[in-house]
Ligand code: ADP
Ligand code: GLC
């Protein structure tokens, strides 16, 4: 089966969050099961610089905002990928520094509508083998709003591959204005509430939902949640009406990258049968990074870690509100890595200045430190208000670092609260709170800290998390059945 994967980021070339991880590891899992994959990415400056030898597959002229735009399509092999990469090289749209979606001051690039409309037009053309390469996709699988128009362009073609659209996060709708719609000369029959129109403008995410043959999202619980007003961002009615083609397939994790027994970023390795000596050495290295010298007291005290985008979704405000109380009542330490909204960054840095020996904050993006936090912390904090799937809690389970999570989306599908019953049936692997409040979060952290003080209980919770296999095998099977339906 030939599958054209279309996405706006892919680890290790360009990654802003979990989407990049999935766009790397899912196609590899599919390729391992015999699928013939091409992964199409925009030619951002940072990405082009990482490519070795490239072959020009051809040029496609498509409609942009001010007339026609010429895109060069490149093919390259990259040592990190077992299949060829295709790259849309269009310098006016993608050859610029920094983040794929926002400029240096965190504002959306003003021409995002054009950038991703052009990318989607090229993707749809390649899905139809417009360059005559003799590679005719059976399936075009696109991800998130940046590629939502792919299914819409394909829907207008008489003979075409099946289109699959995956929602990784409904909070990002790819909303643009009516004048963008006109300037980009998008087909006028799309402009209706049954098409892409959304509150006077249009939504690229909605286009994917409306026009794809199959829509998926990244956990079964999130698939249900997005059909309700609470989680639906105004698209719940549409999603409810499309339930016949909507499936929730849980993400996996790439166990060749996220595995405490082999992780190249860790000073010490460990596995479920012998956790402590290795984990302790990682904790020491993690603390040393912030403290210089690490005494026994710091090593013994529970260390709570967090890695993530510092946005409201991730419950950062709950953490900020709960920390002063937790610092006063307990001996816990906190290590937090992330970047995002300036206000959260500033507040976290202020807290770290106030408690230099107990709160460690690193603002920025640091892959190696993310691995060390997963391994060196005792408890992982992920109190997201909503979480389509979440990879970090699965990494923390695999690393023997039980997570504290709110019962939502993929967190609800992967984390089982620790209590008498779940300890007895050996399913307890973390700490779950089900009321969206600061107090409920703080209470769950206190329960985790209490369990940490009971070594036998703690080891069982850790081992249950480490034993659960979250690799891609099963989920890749679900995608393959969906492709062939
Ligand atoms: P989301 O996609 O909503 O950001 P996920 O939990 O699915 O959340 O995935 C987040 C991914 O991004 C993980 O691989 C995590 O390690 C990584 N990540 C997030 N922020 C950072 C950061 N500041 N430094 C390093 N890695 C990060
Ligand atoms: C999104 C979601 C996250 C999910 C990731 C990969 O960024 O916020 O929950 O794990 O995509 O699917």
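Bear in mind these aren't lab numbers, they're just calculated from the coordinates by the rules spelled out. All values reported here derive from a predicted model rather than from experimental measurement. Here the Cβ positions follow ideal geometry from the backbone for every residue, glycine too, while neighbour counts run over all protein chains shown.
Counting only helical runs of four or more DSSP H residues, what would the 222 nm mean residue ellipticity of the chain come to if each run contributes -39,500 (n - 2.57) and the total is spread over all its residues?
For the chain, the value works out to -11000 deg cm²/dmol.
Would you please put 146-152, 249-255 in order of how densely packed they are, using the mean number of other Cβ atoms within 10 angstrom per residue and starting with the highest?
Numbers: 146-152: 28.9, 249-255: 20.9.
Order by mean packing, descending: 146-152, 249-255.
Please report the spacing between the Cα centers of the range 5-65 and the range 393-469 in Å, no decimals.
Distance between centres, Cα-based: 35 Å.
Determine the relative contact order of the range 87-235: mean sequence separation of Cα pairs under 8 Å and six or more apart, normalised by residue count, in whole percent.
Computed over the range 87-235, the figure is 21 percent.
Bin width 10 Å, alpha-carbon pairs only: give the P(r) of the chain as whole percents, running from 0 to the bin holding the largest distance.
Reading upward from the zero bin: 4, 20, 29, 25, 15, 6, 1.
How high is the relative contact order of the chain, in percent, with contacts defined as C-alpha pairs under 8 Å that are six or more residues apart? Write out the running numbers ahead of the final one.
Numbers: 948 pairs, mean separation 57.1, N = 485.
Dividing the mean separation by the residue count of the chain yields 12 percent.
Between the range 277-356 and the range 175-222, how far is it from one alpha carbon centroid to the other, in angstrom?
Value for the Cα centre distance between the two parts: 40 Å.
Pairs of Cα atoms under 8 Å, at least six residues apart: use those to get the relative contact order of the range 278-467, whole percent. Intermediate results must be reported in sequence, preceding the final value.
Details: 327 pairs, mean separation 38.9, N = 190.
It rounds to 20 percent for the range 278-467.
Restricting the count to DSSP beta bridges whose residues both fall in the chain, what percent are antiparallel, rounded to a multiple of 5?
30 percent
Arrange the peptides 216-227, 458-469 so that the one whose residues have, on average, the most other Cβ atoms within 10 Å appears first.
216-227, 458-469
Give me P(r) over the range 278-467, computed from all C-alpha to C-alpha distances, binned every 5 Å, as integer percentages.
Calculated over all Cα pairs of the range 278-467, the distribution is 1, 9, 18, 23, 23, 16, 7, 2, 0 percent.
If you take every DSSP beta bridge fully contained in the range 118-274, what fraction is antiparallel? Give it as a percent rounded to 5.
Expressed as a percentage, antiparallel bridges in the range 118-274 total about 30.
What FRET efficiency comes out for residue 291 versus residue 346 if R0 is 22 angstrom and r is the Cβ-Cβ distance? Round to the nearest 0.05.
It comes out at approximately 0.45.
Enter the per residue convex hull volume of the range 1-76, computed from alpha-carbon coordinates, in Å³ rounded to the nearest integer. Walk me through the numbers before you get to the answer.
On the way: hull volume 8.9 nm³, N = 76.
Considering the Cα atoms of the range 1-76, their hull volume per residue is 117 Å³.
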